[in-house]
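Let me begin by presenting the structure, written as structure tokens, before commenting on it.
The values are calculated or read from the model by the stated rules, or taken from the named source; none is laboratory data. If you're wondering where the values come from, they're calculated on a predicted model, not measured in any experiment. For neighbour counting, all protein chains shown are included, and Cβ atoms are generated from backbone atoms with ideal geometry for every residue, glycine included. All accessible areas refer to the heavy atoms of the entire protein, side chains included, with ligands and DNA or RNA removed. Shrake-Rupley method; radii C 1.70, N 1.55, O 1.52, S 1.80 Å.
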Amino acid sequence: MAGESQTATSYIQHHLQNLAYGKLPAGYTRTDGTVLNESTWTIAHSPKEAADMGFWAIHLDSMFWSIGLGMLFCWLFYRAARKASTGVPTGFQSFVELIVGFIDSTVKDVFLHRNKMVAPMALTIFVWVFLMNLMDLVPVDWLPLAFAHGTSALTGADPHHVYFKVVPTTDLNITLGMALAVFALMIFFSVKEKGLLGFVKELTLHPFHTGKWFIDIFLIPFNFLLEAVALIAKPISLGLRLFGNLYAGEMIFILIAIVFGVGVLGFIGAGFLQMGWAIFHILVITLQAFVFMVLTTVYMGMAHDVEDEHKTDH
Amino acid sequence: MNINLTLIGQSITFFAFVWFCMKFVWPALLGVMQEREQKIAAGLEGAERAQKDLELAQKRAGEQLREAKEQAAEIIDGANKRAIQIVDEAKEAARAEGDRLKAAAEAEIAQEVNRAKEQLRAKVSTLAIAGAEKILAKNIDAAAHSEMIDKLAAEL
């Protein structure tokens, strides 16, 4: 709900800003007018400060929720794994086994090679991304307000300068970070399965290939351009898809939250909108977690495909 | 939307969680699930085998029952035959014994008759001579007449 001192725009901006911790250079004029004598590591007080920190900044809120939810996943599943018995599964164990069985069969359908890492990775991605997406269903103001007021009570900071985003997957860094890790694994397994030469060949001798070396040599730059774009497009699209879906969803929740402040009718209408969108969003968050998992597995499969199979793919 | 260190941080976190899952979560859970699958498969197979065994046992029991009945019938049959045979043998033996006894009795009787005849013959000659002596009173050559009487007695 937009406060009296906030316009709708500043409310939205406030909600879309991460809690950034980074380095501000010497001589930098901060939001409150003070000038820094020397370069300092500090928490950004405005979107502009966060932007000026450049690459050397970290989003504390994104990392907190990302690591926290990842640890929640690990803890829950590790506990289930330790207690698991071959008897009749009950309660949480059967729920965990349902997920594991689902992931296992999905991975077996998509990924036809032998690799001990792919299935556990798929499980991690699915549950972790789902949990991160699930934070989107927490009403947009609860945690940010609680955090802002908690912090201001503890440290005396201005609550308007304390940013807090609870959905890690609406942070491009998080989604691209995972996509980057997937990309690294793609390169790693490609080189491991096909050898460095095989991988280079795949990048330079496809899709155009005549079999005569004096023609192929002129096709190499063109092939490389096409293959490089195709290769890099995979992690980029993987990260952007998840980010885009969740960012849009979050945005709509924020817009609905603004409508809550517009009179009694607005409040009731926003209530219905909120409920409808949240129900629809349950589908979206699950689907996006699933898509991220399946695409990762597909990319791993492509990295494992040897040349002959690769040809038939195109 | 700033790209910053969070990107690298998330990548490292990703690897850490994937590693944890790969090491401690996935193998344990999947192992348990596969083990249970095998257990269930073995159980079902065992049940099927038991069912088959039961059918087999029932069939065998039926066969044995039928065999036993057949054997019993055979034994009764044999016993009946043997009984008839024994009775026949007994009859045969009895008849043979009877015949033998009859023959012995007949032979004895014949012997007795002969002996009686002998005795009678001997007595008859003496009696006849004594009679003739009395009738003829005197002068009769006993020797000459007894020969004649003996001849007469032999003709008897």
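General remarks:
- Three-way shape label, the stretch A:31-93, alpha-carbon gyration tensor, a/c 1.5: prolate
- Accessible area per residue for chain A is 50 Å², calculated with a 1.4 Å probe on protein heavy atoms, without ligands, DNA or RNA.
- Apolar share of the accessible surface for the protein assembly as shown: 67 percent from carbon plus sulfur atoms, 1.4 Å probe.
- A dipole drawn for the stretch A:59-310 from +1 and -1 charges on Cβ atoms has a positive end, and of A:Leu176, A:Ile285, A:Val110 the residue lying farthest that way is A:Val110.
- In this simple spin-label model, placing a label point 7 Å from the Cα along the Cα-to-Cβ direction at both B:Asp150 and B:Glu112 gives a separation of 3.0 nm.
- Partner lysines for B:Lys81 [C-alpha distance under 28 Å; skip if fewer than 8 residues away on the same chain]: B:Lys69, B:Lys91
- Top of B:Ile75, B:Ile40, B:Ile12 by mean-square fluctuation, Gaussian network on chain B, Cα under 10 Å: B:Ile12
- Between the residues A:His206, A:Met63, A:Ala230, the greatest Cα displacement towards the positive end of the dipole of the stretch A:59-310, with unit charges on the Cβ of Lys, Arg, Asp and Glu, is found for A:Met63.
- Computed with a 1.4 angstrom probe on protein heavy atoms, the B-A interface buries about 3900 square angstrom of accessible area in total.
- Among B:Ala143, A:Thr34, B:Gln51 - extreme Cα towards positive end, dipole of the protein assembly as shown, charges at beta-carbon: B:Ala143
- Simple spin-label estimate for A:Asp32 and A:Phe222 in nanometres, 7 Å along Cα-Cβ: 6.3 nm
- Restraint check, B:Lys123/B:Lys151; B:Lys39/B:Lys59; B:Lys117/B:Lys151, Cα-Cα greater than 19 Å: B:Lys39/B:Lys59
- Taking all protein chains into account, the per residue accessible area for the stretch B:1-110 stands at 74 Å² (1.4 Å probe).
- Given +1 at the Cβ of Lys and Arg, -1 at the Cβ of Asp and Glu and no other charges, the dipole of the stretch A:59-310 around its Cα centre is 480 debye to the nearest 20.
- Normalised Debye scattering of the stretch A:59-310 at q = 0.10, 0.11 Å⁻¹ gives log10 I(q)/I(0) of -0.65, -0.75, counting only Cα atoms as equal scatterers and leaving out solvent.
- Per-residue packing, averaged as other Cβ atoms within 10 Å, sorts the ranges B:85-92, A:38-45 into the order A:38-45, B:85-92, beginning with the highest.
- In terms of its alpha-carbon gyration tensor, the stretch A:1-147 comes out prolate; a/c meets the 1.5 threshold, and the first ratio a/b outweighs b/c.
- Here chain B is assigned +1 on the Cβ of each Lys and Arg and -1 on the Cβ of each Asp and Glu. Its dipole about the Cα centre then comes out at about 520 debye.
- Distant alpha-carbon pairs in the protein assembly as shown (separation over 44 angstrom), percent: 49 percent
- Estimated from helices alone, the mean residue ellipticity of chain A at 222 nm is -24500 deg cm²/dmol (sum of -39500 (n - 2.57) over DSSP H runs with n ≥ 4, per residue).
- For the cross-link pairs A:Lys108/B:Lys52; A:Lys23/A:Lys116; A:Lys201/A:Lys234; A:Lys108/B:Lys23; A:Lys23/A:Lys234; A:Lys192/A:Lys234, the ones whose C-alpha atoms lie over 30 Å apart are A:Lys108/B:Lys52; A:Lys23/A:Lys116; A:Lys23/A:Lys234.
- In a simple Cβ point-charge model (Lys, Arg +1; Asp, Glu -1; nothing else charged), the stretch A:201-314 has a dipole of about 360 debye relative to its Cα centre.
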